[in-house]
Amino acid sequence: MPESIIEGFQLSPQQKHLWLLQRGNHSLPYQAQCEILIEGNLNAEVLKAAIENAVNRHEILRTSFRGLPEITIPLQVIAESSELSFQNYNLSDLAPQEQEHRLEVLFDEAKQLTFDFEKNSPLHTSLVKLSPHKHILLVSLPALCADTLTLKNLVSEISCSYAAILHNKELSDEPLQYVDFSELQHELIEGEKAETVREYWRNIDVQALLGTKLPLEGKPSGKPEFQPQFFTEAIASHTKAKIEALVGTYNTSVSGFLLACWQILLWRLTGQSDMIVGMAGDGRSYEELEAALGLFAKYLPIHGHLEENCQFTQILQQVDKSVQDMYEWQDYFSWEQIVGELENGTVPPFSPFSCDFEQAPADYCAANLTFSIYKQYVCIDRFKVKLSGVLADDSLITTFHYDANLFQQEDIKRLAGQFQTLLESALDNPESAIAKLDILSKVERQQLLVEFNNTKTDYPQDKCIHQLFEEQAARTPDKVAVICENQQLTYSALNARANQLAYHLQTLGVGPEVFVGIYMERSLDVVIGILGVLKAGGAYVPLDPAYPKERLTFMAENSQVLVLLTQERLRSDLPEHEGQVVLLDTDWSLIAQQSEANLSRSASPLNLAYVIYTSGSTGEPKGVMVTHANLCNYVQVLPERVGITPDDLYLHTASIAFSSSVRQFMIPLCQGATVLIATLEQRANPLMLFDAVKQHGVTVMDIVPSYWRTCIQALATLDSTSRQALLTNQLRLILSASEPLMSDIPRTWTFEFNHAARLVNMYGQTETTGIISIYDIPPQSDDRVEVVHLGPPLPNSQIHVLDQHQQVVPIGVPGELHIGGASIARGYLNRPELTAKAFIPNPFNDEPEARLYKTGDLVRYLPDGTIEFVSRIDYQVKIRGFRIELGEIQAVLAQHPAMREALVIVREDVPGDKMLVAYLIPQQEPAFTIRDLRHFLKEKLPNYMIPSAFVMLEALPLTPNGKVDYRALPAPEIAQLELEETFVAPRTPVEKELVSIWANVLKVERLGVHNSFFDLGGHSLLAMQVMSRLRQAFGVELPVLSLFEAPTVAELAEQIDTLLWAKQQNLTAHSSATEDNLEEIEL
């Protein structure tokens, strides 16, 4: 059996890189092809002989690529001779337009050629006759054998050979062969000088910048095949003249100008200051190589560092220097040498953003014929987007090549428009800072500012919110307005009681701009209290009894409440305040002596309706002031958009301290619907909540995504029959708000639970009176969309996405979401400096008082007008629906006497499970324990703001420029948490099962029976998961409150043992729990 031996030459570095890119599929679009226009009296046989002569003179045109099965990289094998692939087409009988069409077809067919690299001839040619004196020669080569300059050189070679054959002569020069160049390249990159030069390329840190993405870059569907397409746009002749004048003034080149504009545009679109652009170098550093054929060119990384205050002319100079360096060191660049060898199956590195520039090819004249390149296509490397420029005497053509697997053509057309706008702005303002150069075309600016925000709608603006309720009460007096447990009130009864309270409050001095605190448990009294304060002309301040007393005291003192509405059972726990106390239950006999009639107008639409406190970055909560005008617009536009009707039963689940509570009360009550107030226990137990949904016939549910996920997890623990029994209900609409909605949640609800409710994602802020954007979630959502989009603005609201200079950013580019319109709150109570910072003048509205609210959310507009949430841009986060300023937690931690420094971040080490983690650098003395620290925080912060984990550090890790290196912060581990109790292993079967459940839910490896669930990172939503698993494991029902009362394995095991014993004795055991330690859950 003969041995398998292949004799040949190793690939050049360029060929090796390309081979790795195209391996596994020889039909990939790495080709070099052109249409050569031949004008004159052509002899086709002589032309064919001239092409054959070129093949004989240049080994690369008869080179194949062969290798053994076990070898990844083949060898170049040169054949002694090669049979030319030459076809003839006669289109002379067709009209010019039909000829052009057929040429397009032939050119595209040539691009689809599948090259067999093991065969001898890589060259394919076709001669197309258009007329007796006009022909097209179509030439196709694989990119392994050719680049752009090769095509030009080949035209010259064919024309010279044609003339030589006609005159019976031979070409005397001996061309340089590609394999000689290949060997030279290997000597250079492996020589002594190479290592020194490679440091130049390594210092650019190419690999760190290869992951840069453009806005609207899609995720490849399936296998990420490279699918290059292009869009061409000519530069106007007068603009070309201005470019040539400017580059003459600054002693640079047209290519340098275009590259500077390209870098600046990429920087503006990505926000990445260090930008890598792959620029084509022709690879022909020596004169002997200029006429050679083969793959010499390669894209070399050009590094640019751009800052917003850099002048355009500075970038021009930077580009010139970088290009000079590139040409000096291009022979020593190899992707594999710089980035390193890659494992099999890994896509080799390439410059995601590239550019190449060339002069329009010259005509070649020989034997009374003219040879000119009429059209060409060359692709020698992969890219995401590549800018190509071709400069001729009378034109400048730009072509944007793009990977169609990542971008839509509309995106690239928009990109081309932005490039054109930037180019013209730079020509007009060459000394301007690059951050101030225009990139938005007039069409795109009109779309963003006007078309996407054409929301003006007329609604009555002369009423207060309670008047809208009164009108509804008059229309449906006998209909049930609100239900809580076994109590309910009709619209007439609720209106009458609210009127009586309002008259009473006015006797105590309540009127416009006077604050009344509402410190009550979930009950009908809350609704009466809110409406009574509003009817009296005052503004209510909700105070949740679950909050720490210190925080409540601050709110009461900051707002200077004149009156505090509460209930007898809460009287002993009241926060410190200066106001009068009204007990809505025990004082009702006095209040009931007042009139039940509606009051005369007591406030104007511009007066405050309420003040709701949100987390503040300075360590103190801030009170958001919302007017009646804000609220009236809200309750009229939102129901119309989501379709709330008088037939609806709307579930109220929110804490009264959140703006979502306003929505869940006022929207249904002003539409004639019924409100069902969920109890604390129902809110804590998803299965109990869904039982209430079914029993009461709830039609509208309004919850935060994290709680929705918990509901899904709880329902998933049931057998299919029990689950279906709960889901067979009247729920027709699920509204999700308060935090980003991950797309798997509605997808699971629709397709795994087969529930037919309409699903809506809403967006808003406390400072915007609540929701200002609605997005109907389509039933067939794209799996590649991770976060459900935000919808367009509601009537009388505007959404602008701006950069830090308040400039409109292009579609697809992230910027801060700014909200304008009728829903913008007055500002922050007693915080004028903070109000001025967050509520800024609206530059897009001519009304003098028009303002924009800076949300701190990083978003981007999509082409269809919907909005994609990206992240927060400040220290404010949302976890389980709670809006949290990390700075407030850090400020409180800093108050601890033993704390030197503290940093609080959000980690999501498990997808979908966000947790607060505090990194602590304590003083040497006195030391503190984690338990002490938790107790310290609980006195000052709500439970939802207490970190789930604490990590002790000697110092915070820093980057070279002195900033915190967030990537170097260690993940919290059980070993890093201070577990003060001596570890005790589980002793009973129940304890062992509990330890297993906790370990799985909390993602810890080792825990003892005396470790607290909450000290290990547990929170209320994880507690719900634990209870669902206990139901499966033991067949017992425990309320979530049990875990707050018995937070250790040992304590909870005792309760379970009691229930199991009672079950065995056929007794009913009731588990009691206090509500004092229940973490408030914003639903």
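The values are calculated or read from the model by the stated rules, or taken from the named source; none is laboratory data. In this text, all values refer to a predicted model and were calculated from it rather than measured experimentally. Backbone-built Cβ (ideal geometry, glycine too); neighbour counts: all protein chains shown.
For residue 927, indicate whether it is out of contact with any Gly (no Cβ under 6 Å at 6 or more places or on another chain), modelled with pLDDT of 80 or more and outside the structural domain of residue 1043 (by TED's automatic domain parsing). Steps first, please.
Details: out of contact with any Gly (no Cβ under 6 Å at 6 or more places or on another chain): yes; modelled with pLDDT of 80 or more: no; outside the structural domain of residue 1043 (by TED's automatic domain parsing): yes.
Considered against the rule, which asks whether it is out of contact with any Gly (no Cβ under 6 Å at 6 or more places or on another chain), modelled with pLDDT of 80 or more and outside the structural domain of residue 1043 (by TED's automatic domain parsing), residue 927 comes out as no.
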- For the range 263-307, enumerate the residues that are in contact with a His (Cβ under 8 Å, 6 or more places away or on another chain), charged (D, E, K, R) and surrounded by fewer than 21 Cβ atoms within 10 Å (Cβ to Cβ). 274
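Which residues, counting only those in the range 77-91, are surrounded by fewer than 13 Cβ atoms within 10 Å (Cβ to Cβ) and over 24 Å from residue 15 (Cα atoms)? Before the answer, list the steps.
Kept after step one, since they are surrounded by fewer than 13 Cβ atoms within 10 Å (Cβ to Cβ), are these residues of the range 77-91: 80-81, 83, 87-88, 90.
Matches in the range 77-91: 87, 88, 90.
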- Message: Give me the residue from the range 19-35 that is touching a Phe, Trp or Tyr at 6+ places or on another chain (Cβ under 6 Å) and at pLDDT 90 or above and, out of that set, surrounded by the fewest Cβ atoms within 10 Å (Cβ to Cβ).
- Response: 35
- Message: Quick check on residue 898: is it modelled with pLDDT under 80, surrounded by fewer than 19 Cβ atoms within 10 Å (Cβ to Cβ) and among the small types (Gly, Ala, Ser)?
- Response: no
- Query: Can you name the residue in the range 885-903 that is in a strand (DSSP E or B) and of a type in the set (D, E, K, R) and is also nearest to residue 957 (Cα to Cα) among such residues?
  - Reply: 901
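Please determine, by comparing only the residues of the range 849-863 that are part of a loop (DSSP other than H, G, I, E, B) and over 16 Å from the mean Cα position of the chain (by Cα), which one is modelled with the highest pLDDT.
Just the residues of the range 849-863 that are part of a loop (DSSP other than H, G, I, E, B), to begin with: 849-850, 862-863.
Keeping just the survivors that are over 16 Å from the mean Cα position of the chain (by Cα) gives 849-850.
Numbers: 849: 87, 850: 93.
This residue is 850.
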- Message: Here is a list: 1030, 1022. Which entry is at pLDDT 80 or above, under 17 Å from residue 1002 (Cα atoms) and not basic (Lys, Arg)?
- Response: 1030
- Task: Identify the residue in the range 717-730 that is in a loop (DSSP other than H, G, I, E, B) and in contact with a helix residue (DSSP H, G or I) (Cβ under 7 Å, 6 or more places away or on another chain) and, among all such residues, is surrounded by the most Cβ atoms within 10 Å (Cβ to Cβ).
- Result: 729
- Query: In the set 778, 795, which member is within 19 Å of residue 666 (Cα to Cα) and part of a loop (DSSP other than H, G, I, E, B)?
  - Reply: 795
- Message: Given (1) part of a strand (DSSP E or B); (2) closer than 23 Å to residue 107 by Cβ; (3) out of contact with any Lys or Arg (no Cβ under 8 Å at 6 or more places or on another chain); (4) hydrophobic (A, V, I, L, M, F, W, C), identify the lone condition not met by residue 365.
- Response: (2)
- Query: List the pairs whose first member sits in the range 547-558 and is closer than 16 Å to residue 937 by Cβ, whose second member is assigned to a helix (DSSP H, G or I) and acidic (Asp, Glu), and whose Cβ atoms are under 8 Å apart, counting only residues at least 6 apart or on separate chains?
  - Reply: 549/573
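The rows are residues; the columns are (1) in contact with a Cys (Cβ under 8 Å, 6 or more places away or on another chain); (2) over 29 Å from residue 308 (Cα atoms); (3) not assigned by TED's automatic domain parsing to the domain that holds residue 311.
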residue	(1), (2), (3)
391	no, yes, no
406	no, no, no
413	no, no, no
419	yes, no, no
429	no, no, no
432	no, no, no
- Task: Collect the residues in the range 466-490 that are crowded, with 20+ Cβ neighbours inside 10 Å, part of a helix (DSSP H, G or I) and touching a Phe, Trp or Tyr at 6+ places or on another chain (Cβ under 9 Å), keeping them in residue-number order.
- Result: 469, 472, 473
- Task: Working only within the range 30-59, note down all residues that are under 16 Å from residue 156 (Cα atoms), part of a helix (DSSP H, G or I) and either without any contact (Cβ under 8 Å) to a residue 24 or more places away in the chain or among the β-branched types (Val, Ile, Thr) (or both).
- Result: 46, 51, 55
- Item | Cross-chain or 6+ apart pairs with Cβ under 6 Å, the range 670-698 first and of a type in the set (A, V, I, L, M) and buried (at least 21 other Cβ atoms within 10 Å of the Cβ), then in a helix (DSSP H, G or I) and at pLDDT 95 or above | 675/668; 676/696
- Restrict the check to the range 184-198 and report whether at least one residue is within 48 Å of the chain's Cα centre (by Cα), modelled with pLDDT under 85, farther than 22 Å from residue 16 by Cβ and not in a helix (DSSP H, G or I). no
